[in-house]
Each structure stands twice: as C-alpha cells, then as structure tokens.
Amino acid sequence: MTQDADKPVKVVRATYEAKQKVGGGGFSDKMIQAAEKRMKDAAEIFPSAAKHDMDKLNAILAEIRNGNVSQELVLRIKTSAHEIRVNGQMFQYPLVSAVAESLVSFCEAIKTLSGLPVEVIALHLKTLKIALDQGPRAIMERDRVELLSGLEKACAKALEA
Amino acid sequence: MSYNLRKLRVLIIDDNMPIRMLVRSLLLDLGFGAVDVAATAEDGWAVYFLHKPDLILLDWRMEGSMDGLQFTRRVRQELGSPRPRVPIIMMTGFANKQLVLDARDAGVTEILIKPFTVQTLIKHLTHIIENPRDFIVAPKFTGPDRRRRSAEVPEEKKKRTADKKAKADTVKKSSKYVDLRGKSKPGKEK
C-alpha cells in the first residue's frame, strides 16, 4: 500500500457561503427577462464568435494544402467544427449548425487527407462562410435543404473515391 | 424578494471572446456584482489569485498550456490555492460520458452543456447557491462530493417521485390490479 493511500479521507461539510451572501427568494423575474432578451439578441454577435473557429479551420486547411496530412489535423477540424455547430444552435443559426455538423460527420468518416476529401472540407468552409454572411434564418427552407443535400452528395462521393 | 447577487464575484475563463462577453453580460443581467474575465487559463489563474472569486465558469478546451480540467485540478489541489473549494462550472459542447467522468475527477462542481439557455444557466447557479456540495479531500480525489445528500433532492425530483407514487397507488386501488408478488409460488395455487 502506498503512503498516499494511508492518508485518511477528509470530508469538509458544505458551508452555504453563497447562500448566506445572497439570501433567499431566487432570481428576480425582471433580471431573468433581461438575460433572456440578451440571449435572443446575441444572434448579432455570432459571426464574430464563429470567426474564432473559422480562422482556426482556415489555418488547418492551409496546413493540409501545404502537405501536412497528419490525422491530428482531422481531430482539430472536428473540434472547431463541433464548436461552430454548438454555438450555431445557441445563437439561432440553424444552417451554420447543420453545415458544421456535416463537416463533423465527414471528419469522422474520412481516412486520408488528400485529393477529394480536402476539397470537400474546403467546400464546407466556403458554405459556412456564406451561411454566416447570410445571417440567421436568411436562407429559405428549400435552398437550405438543397444546400445540405449537395454537401451530403459531395461527402458521399469523396468517401467512395 | 429575490437573491442579492451583488455580493458575489464571478470569474469567466474562455478563449472565445464573444462567448466570454455574452456569458459575462448574462451574469450581470442576472444581478451578479462583479464579473471578471480571462482569455486563457494562465490569465485566469492570475485573476483567481487576485480576486478570489465566489464562482468560476470556464471552458474545457482552451488555447494555451492549460485547459479547463488542468485549471480545475490546480484550484483544488495546489498548495496556496486561495479558494480550493470554490464552485466551478465547466462549459462544454462535448457531452460524452468520458468527459463528464474526467470533469468530475478533476473536481468540477457542475457541467453546463452548450448550447445552453438562460433557464439552464439559472438551474446550475441555483444548485450552487441552494445545494452546495460537501468537499472531499482523499488520496485520489479532491473536489466536491459527487453524491447529492438526500436532504438536497431537488424539488422537481421530489415532485416526480410523489407523482409516481400517487399513480402507483391509484393503480393498486383499481379493480384490475393483481399483485404478482404474493406469497404463493408458481404451480402451488389451489
């Protein structure tokens, strides 16, 4: 048995420190409404929030085009695309979220980082940029379905190749 | 009457600036007195030492040499950490089981899955205020007790349990109810 394992387990009882500071009564309705409104209006800041991850994705794509084919890059693309997918949902950009989700799924399926798969990644990035520029819900449902089905076909073709 | 959150100081650590600022604004809207922000875990560590916040919200994946889990471990375990038992809410878009286990092992108090709503954020904050966890210091784990004490069963869960019990009682009273757990064994009925 190690020396560490011999140490006794210490339980420090909860102190209710925060409760003592704030008192009771819960969150004020007025304040909740203000926060809800803030969240609703947050759609405006999404393009700048997504820029952080879009920049990362473009940098990774540039690395791939320069000949780096490490699988670690696929993981990095997946991570950034996943962030965009989640934030897209949070900031009411369903199309951006759907395109990012398509990219995540594609990254989970690809085996090589050359040829057509790279072009399909680039296609996703281009589509993401367009969707971000269009704003929330700016694209009609019919176009949305067509766009996503186009991406799906491109992914399938790249995976077959 | 409602909470007087002005007395609470919060630290947000997230490398995504718009998200960081959105969460900060939400907390200020909800009435928190002071909300500090940091873009990296390293900067957050300095702010943590300086302001000794009452609550920390941080992202899991961050650029820099320290991620959210490493930051949490330092807060919980490092000698000289000013508030090792501070509640920590980890924000993440990755909701897989392994992450939840890793986060709990590191000493995270609550996990806030993105995308989240204001109501979800409030739910986690209320948990921290109303149902603080005991703190365990053990050879292999330092952090909030992962078990909720029975006295701290959330109201919603209590109500669900009461509803289930009432439903079961109604069924028992109905004429169609047959108790299959009787004393007689199969094949021994008269």
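General remarks:
- In this structure, the pairs whose alpha-carbon distance is over 32 Å, taken from A:Lys7/B:Lys52; A:Lys126/B:Lys114; A:Lys19/A:Lys56; A:Lys40/A:Lys111; A:Lys30/A:Lys129, are A:Lys19/A:Lys56; A:Lys40/A:Lys111; A:Lys30/A:Lys129.
- Euclidean distance of C-alpha centroids, the range A:94-161 and the range B:34-87, integer Å: 37 Å
- Average beta carbon contacts from partner chains per residue of B:82-89, 10 Å cutoff: 1
- Using alpha-carbon coordinates, inclination of helix A:94-109 to the longest axis of chain A, degrees: 80 degrees
- Scanning residues 5 or more positions from B:Met91 or on other chains, those with amide H under 5 Å from its amide H are B:Leu58, B:Asp59, B:Trp60, B:Leu112, with H placed 1.01 Å from N in the peptide plane.
- GNM on chain A, alpha-carbon springs under 10 angstrom: the most fluctuating residue among A:Ala59, A:Ala100, A:Ala50 is A:Ala59.
- Residue with peak Gaussian network fluctuation, chain A [Cα springs, cutoff 10 Å], from A:Lys21, A:Lys129, A:Lys30: A:Lys21
- Taken about its Cα centre, the range A:1-159 carries a charge dipole of roughly 300 debye when the Cβ of each Lys and Arg holds +1 and the Cβ of each Asp and Glu holds -1.
- When each of the peptides B:138-147, B:83-92 is scored by the mean number of other C-beta atoms lying within 10 Å of its residues, the order from highest to lowest reads B:83-92, B:138-147.
- Exceeding the 25 Å Cα-Cα cut-off - candidates A:Lys51/A:Lys153; A:Lys78/B:Lys97; B:Lys97/B:Lys167: A:Lys51/A:Lys153; B:Lys97/B:Lys167
- Between amide H atoms placed 1.01 Å from N, distances below 5 Å from B:Val37 occur with B:Ile12, all of them 5 or more places distant or on a separate chain.
- Computed lengthening from B:Ala138 to B:Asp105, 0.36 nm per intervening residue step minus Cα-Cα distance: 10.7 nm
- Measure of compaction for the range B:5-144 (Cα Rg per 2.2 N^0.38 Å): 0.96
- Most to least packed among B:128-135, A:34-41 [average Cβ atoms within 10 Å]: B:128-135, A:34-41
- Rounded to the nearest 20 debye, dipole of the protein assembly as shown from Cβ charges on Lys, Arg, Asp, Glu: 2320 debye
- Per-residue shielding of B:28-41, expressed as the average number of other chain Cβ atoms within 10 Å of the residue Cβ, stands at 2.
- Per-residue average of Cβ from other chains inside 10 Å of B:131-138: 5
We did not get these values from a lab; they are worked out from the coordinates using the rules stated. From a predicted model like this one, the values you see are computed outputs, not experimental measurements. Neighbour counts are summed over all protein chains in view; Cβ atoms, including those assigned to glycine, are modelled from backbone coordinates with ideal geometry.
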